[in-house]
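The values are calculated or read from the model by the stated rules, or taken from the named source; none is laboratory data. No experiment lies behind these values; they were computed from the predicted model shown. Note: ideal-geometry Cβ built from the backbone for every residue, glycine included; neighbour counts use all protein chains shown. Accessible surface areas use protein heavy atoms only, side chains included; no ligands, DNA or RNA. Shrake-Rupley method; radii C 1.70, N 1.55, O 1.52, S 1.80 Å.
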Amino acid sequence: MAGFKEMMSADNPVKFQLNREMELEEIYEKMNSRASEFKMPFKLKKGIMGKSIQFDTDKDLELSIRVTVKGKEVTVKPIVKQNQTSVGAGGFQVRVDRNSALRKGVKGVLNMPIERQKCVKATADIIQKILG
């Protein structure tokens, strides 16, 4: 089972430095040319929070990933999107969605933050490899 320290840092973003400044569109084009290397599809998004590369949600991990760039620093940030469903009677509620303790067991639910971080780290490593 994951340690407390690993669980507390599991939702932290992964940051790395580029050799030179790059625009987000340039990063997107390079990533898009090697899209088959990524676990999830992605697209360039423009919104209130600025421009980013947004990965689709991984249903098993309830995770989406957002990539941003500022100067030479690339940030790969996990976004947890939990869809919870509860069934209850008389004030007793039980979570029964796909990642509940009833379906995955307590150990599976407790290890989920670590699995999410592994996915974010793997995505960041692929991006870093592509960008050189």
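Values computed for the structure shown
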quantity	calculated
Difference of contour (0.36 nm per residue) and Cα-Cα distance, Asn32 to Leu44	3.3 nm
Phe42 accessible area, assembled protein chains, probe 1.4 Å, Å²	30 Å²
Heavy-atom SASA rank of Lys77, Lys59, Lys70 (probe 1.4 Å, accessible area, largest first)	Lys70, Lys59, Lys77
Rough spin-label spacing in nm, given labels placed 7 Å along Cα→Cβ, for Gln17 and Val80	3.1 nm
